[in-house]
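*Asks:* What follows is a single structure, and I will ask about it in a moment.
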Amino acid sequence: MVAMADKSKPKKLVIVFVIFIIVFAISIISKSFINDNTTNDGNDNNDERNPDETLQDEGHPVYDDVIWPVNNYTLADPFGWRWHNNRWDFHRAIDLRAEEGEPIYAIAPGRVDRTASEDDPDDGFSNGGNVVIIEHFTDPDTPFTFHGYEQTRYYSVNLHMQDFLVQEGDEVEQGQLIGHVGHAGTASTDHNHFEIRVVCRHSWDGPGDDLPSECDIMGVNADPHVNPLRFLPYDDKDIMEAEIISNDPLTVEVRNHFTETDFNSIKIDDEEVVNWDERVGINPSDRDDNPYNGLYVEADKFTAGTEWYVVRFEFQNKVYTGQKIEVLDIWGKGITL
Ligand SMILES: [Zn+2]
């Protein structure tokens, strides 16, 4: 009896210890669920995000602690393919739906490189109405890579503004009010069509475009538009989903949650067959040409309030026979199918 009592004492201690561990684990798990819900509920309002936390915790490069241009918005169109005005359109921006008159801020310190007014239809930006383009530089210690080259210069581009409050050449502070959300130009709703162009502010739509020499510093005439989420802070939870939905032809469906529309590329057996930022798999002469070169891309309708941005990539000349298929975000993180 005595021997048994002696044995039961350490047993009790072990049980108490196990219970303590379980309670501790449950408290951590439930806490993280509560945090997730809070963040998801607040996604229309960027005020609830913490740029420092999201950028640094996720290991993204920190670009001068960039902020979002509009606080109270709903994502109305992500960067990528969409069906728009009865044709396929590779949308090289994010559209932030907001009330008319909502403030638009400079995302980082910079210099106003270009403005355009809807009153001047000959200025080359008539579709965009009132436009402000600001030149920024990253910290030289944290350059970004584009087409394999390290760069520090990028531009933020705002279209369809109700008005703008800065002039070309103005130095602006981060968070400075530069204008207001509107629907000037060809916009049918009030929104900020927001672009990031890297290296060069000029738009390149295909061979034949005569770009100024400053755009050629990489040795490539590349379309400078990239997914703005490469620069804007967001809560990156790696919740992208992907699956093979057809073997013949090989068709991959990718689902991006509206809080992180950061899909960028697909590799098949290590060969990059899609790269949205660098336009792999997209006709260089006509970016809206779909299907192109045996790849048909279909995107479900996305509008303000849609939860998932769903895109299907149909490789019309490929059959799935067990190849390694990687679906990656703008940071090179993702899913292997
Ligand atoms: Zn747009």
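The values are calculated or read from the model by the stated rules, or taken from the named source; none is laboratory data. What you see is a predicted model; the values in this text were computed from it and never measured. Neighbour counts are summed over all protein chains in view; Cβ atoms, including those assigned to glycine, are modelled from backbone coordinates with ideal geometry.
*Asks:* Looking at Glu173, Glu168, Glu135, can you tell me which residue is surrounded by fewer than 15 Cβ atoms within 10 Å (Cβ to Cβ), out of contact with any Pro (no Cβ under 8 Å at 6 or more places or on another chain) and at pLDDT 95 or above?
*Replies:* The unique qualifying residue is Glu168.
*Asks:* For the list (1) within 16 Å of the ligand (Cβ to nearest atom); (2) of a type outside the set (A, V, I, L, M); (3) not in a loop (DSSP other than H, G, I, E, B), I need the number of the one condition that Ser203 fails.
*Replies:* Condition (3) is where Ser203 drops out.
*Asks:* Suppose the filter is within 16 Å of the ligand (Cβ to nearest atom), closer than 26 Å to Val311 by Cβ, touching a strand residue (DSSP E or B) at 6+ places or on another chain (Cβ under 7 Å) and of a type in the set (S, T, N, Q); does Asn192 pass it?
*Replies:* So Asn192 passes the test.
*Asks:* Got at least one residue in segment 129-137 being of a type outside the set (Phe, Trp, Tyr), within 24 Å of the chain's Cα centre (by Cα) and part of a loop (DSSP other than H, G, I, E, B)?
*Replies:* Scanning segment 129-137, I find at least one residue that is of a type outside the set (Phe, Trp, Tyr), within 24 Å of the chain's Cα centre (by Cα) and part of a loop (DSSP other than H, G, I, E, B), so the answer is yes.
*Asks:* Quick check on my filter: what residues within segment 281-337 are surrounded by fewer than 18 Cβ atoms within 10 Å (Cβ to Cβ) and small (Gly, Ala, Ser)?
*Replies:* Within segment 281-337, Ser285, Gly294, Ala304, Gly305, Gly322, Gly332 meet the criteria.
*Asks:* Which of the residues spanning segment 138-165 are buried (at least 16 other Cβ atoms within 10 Å of the Cβ), of a type in the set (S, T, N, Q) and without any contact (Cβ under 8 Å) to a residue 60 or more places away in the chain?
*Replies:* Thr152
*Asks:* So Pro121 passes all but one of these: (1) within 16 Å of the ligand (Cβ to nearest atom); (2) farther than 24 Å from Glu173 by Cα. Which condition number does it fail?
*Replies:* The number of the failed condition is (1).
*Asks:* Here's another thing I want to ask about it. Scan segment 73-107 for residues that are at pLDDT below 95 and away from the ligand (no atom under 16 Å from the Cβ) and report the count.
*Replies:* Number of matching residues: 1.
*Asks:* Looking at Leu295, Leu250, which is the one that is in the same structural domain as Val327 (by TED's automatic domain parsing), without any contact (Cβ under 8 Å) to a residue 24 or more places away in the chain and either over 18 Å from the mean Cα position of the chain (by Cα) or within 16 Å of the ligand (Cβ to nearest atom) (or both)?
*Replies:* Checking each option against the conditions leaves just Leu295.
*Asks:* Which numbered condition trips up Thr189, out of (1) at pLDDT 95 or above; (2) crowded, with 22+ Cβ neighbours inside 10 Å?
*Replies:* Of everything listed in (1) at pLDDT 95 or above; (2) crowded, with 22+ Cβ neighbours inside 10 Å, Thr189 misses just condition (2).
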